[in-house]
Amino acid sequence: MINRYVIIIALIFIHFSLLLFFCDKKVNNCNYKNKTEAITNLKISKYNVNIYRCKRINEKDFLKRWNNYKIDISQDDKIIYSDGLQDSSIKDNCPETCESCFKININDKKETSFLPLYGEDITGDGIPNLVIERENCEGNSCKYNYTIFSLGDKFEIIKNFEAKNYDCKLKFVDLSRDKIYEIIVEDHYGNFNITKKLIVKSYVVLRYDKGKYIPVADYMKKNAPNDDDKIKIIGKIKSELYNKNKDSISASEINKWYNINSSQDMWQYLIDLIFSGNGNIAREIFNKVIIFKGENITNLKNKVWDDFITDVSTNIYWEDIKKMNNW
């Protein structure tokens, strides 16, 4: 019995040793480690949608790992749309990193539940749609781009959404409960002086109207905070900004405050106010919680606010946000 197990173990060892010997050390050149397979073959109206992926084995522990890297949409056996790596030589040589990973919601699983189900009419025009998420990663951060297709008698790309910042995703939600999906667009900020070490977010709601997606103020506007709420939030922010024995920031401490003591909750609260149509109240609260001591205080306070607004204004829907705030 022992000899049988020894022989089996020896054969397994020889098998993998031969694989390592014949395979190039570079993953991309080892056919055993790189295989291409069509994992999704969807039929939507008169279109076929194929997503291909790479089957790879980890160098160290031979664990299987999959990466989707190419998508084709065809009609009558003719490809009319293709994205991802196109070189035919990659049939047995898949990329080492997930530079072009695609996702489609085919079964409402948790990892794709924020996308509408494939073939679903999400615009209300009676034509089936397809939403594809494309993931482009660098290290631990990814950018997510989205394409919305109309798959009726005429093949159309309704909209391409290209992420400006990392880790920003779209969410497709039927907020109006009329079977027409609204899109919640997330954006991140953290480039201006005050929040360069912080991440704050904004959300804009879009709705399909007359062939395009436009911001809808009705889904974003919120009631202004009352006086009691304002007092509470001002007190909370001040407790985060200043030490117990201080109620202001001296000129010599400003640079340190920029980098260390700036309140993420404060900037997030101000952005929430601006993107809900309460921008003037955001400025009012800012003026009450930011207290500097020294010369040219007014100019300094205005500069801090302007730096903040400059970065927030990089949002592609900023003109609509300004209009919502009557700015």
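Mind listing the long-range amide H neighbours of residue 200? Cut-off is under 5 Å, sequence gap 5 or more, other chains count too, H placed in the peptide plane at 1.01 Å from N.
Residues meeting the criterion, in which the H sits 1.01 Å from N, are 189.
Taking the Cβ of residue 123 as the center, what net charge do the other residues with Cβ under 13 Å away carry, scoring Lys and Arg +1 and Asp and Glu -1?
-3
Non-local amide H neighbours of residue 168 (under 5 Å, H modeled in plane, Pro and chain starts lacking H): which ones?
So residue 168 has HN proximity to 144.
Here, each number is a calculation from the coordinates, and none is a lab measurement. This is a predicted model, so every value here is computed, not measured. Positions of Cβ are backbone-derived with ideal geometry, glycine not excepted, and every protein chain shown enters the neighbour counts.
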